[in-house]
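The values are calculated or read from the model by the stated rules, or taken from the named source; none is laboratory data. Since we're looking at a predicted model, the values are computed, not measured. Cβ: placed from backbone, ideal geometry, glycine included. Neighbour counts: every protein chain shown.
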Amino acid sequence: MDVKTMSGSTSCPSGYENIGKAYWWGTKLGCTCASGKYAQVRREVCTDTMRKDYCKDTLRRDARWLDVIKGKNICGKRSKSSLTKMMKPKHYKKNAKGVTIECGKAGFKLCGNPTTAVDFEQVWCVPDGNSCPITNIDFDGNMVP
């Protein structure tokens, strides 16, 4: 899959769609205290004593879908290959460096990073010639995926 980042005010280019959507659960009215004897979040309005102890009122915000993350639209172009041709790796081999994973079938390649994937849930085998699917998006300090 081809991925591009665009400024939040710019729509995805033709043939691409926003893939960076996330659901934010919102906030309830309350009081957030970062330090002191009230160091917690409370479901009540801050008292004057709490405000003197660096507490701040938290406003109620409705839950919503976010499609701009840190000022960026994350746009992806869908692959022409079918997910039905993908399979989970079958062969796991232990060696001195840990575990290696193989697709175990000729004509398939390994996609994903088995060294960082928990229980290999982000590791797939796809037919040679197909592009690997997106299994994870990480951001560097410059918001580049």
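Quick rundown of the values:
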read-out: Options Thr5, Thr10; residue that is part of a loop (DSSP other than H, G, I, E, B), polar (S, T, N, Q) and touching a residue at least 24 places away in the same chain (Cβ under 8 Å); value: Thr10
read-out: Subset of region 35-46 that is part of a loop (DSSP other than H, G, I, E, B) and surrounded by 10 or more Cβ atoms within 10 Å (Cβ to Cβ) - its residue that is modelled with the lowest pLDDT; value: Ala39
read-out: Tabulated pairs, region 50-67, first closer than 14 Å to Cys33 by Cα, second in a strand (DSSP E or B) and β-branched (Val, Ile, Thr), C-beta under 9 angstrom, 6+ apart or interchain; value: Cys55/Thr32; Lys56/Thr32; Asp57/Thr32; Thr58/Thr27; Thr58/Thr32; Thr58/Val41; Leu59/Thr27
read-out: Out of Thr100, Thr32, sole residue that is assigned to a strand (DSSP E or B), at pLDDT 80 or above, surrounded by 12 or more Cβ atoms within 10 Å (Cβ to Cβ) and of a type in the set (Ser, Thr, Tyr); value: Thr32
read-out: Selection status of Thr49, within 26 Å of Cys132 (Cβ to Cβ), at pLDDT 80 or above, of a type in the set (Ser, Thr, Tyr) and not in a loop (DSSP other than H, G, I, E, B); value: no
read-out: Any hit, region 126-143, residues being among the charged types (D, E, K, R), surrounded by 11 or more Cβ atoms within 10 Å (Cβ to Cβ) and modelled with pLDDT under 75; value: no
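So that you can scan it fast, the table gives a plain yes or no per residue for (1) closer than 30 Å to Gly8 by Cβ; (2) surrounded by 10 or more Cβ atoms within 10 Å (Cβ to Cβ); (3) at pLDDT below 70; (4) of a type outside the set (Val, Ile, Thr):
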{"position": "Arg61", "(1), (2), (3), (4)": "yes, yes, no, yes"}
{"position": "Ile69", "(1), (2), (3), (4)": "yes, yes, no, no"}
{"position": "Leu83", "(1), (2), (3), (4)": "yes, no, yes, yes"}
{"position": "Lys88", "(1), (2), (3), (4)": "no, yes, no, yes"}
{"position": "Ala96", "(1), (2), (3), (4)": "no, no, yes, yes"}
{"position": "Gly104", "(1), (2), (3), (4)": "no, yes, no, yes"}
{"position": "Leu110", "(1), (2), (3), (4)": "no, yes, no, yes"}
{"position": "Thr116", "(1), (2), (3), (4)": "yes, yes, yes, no"}
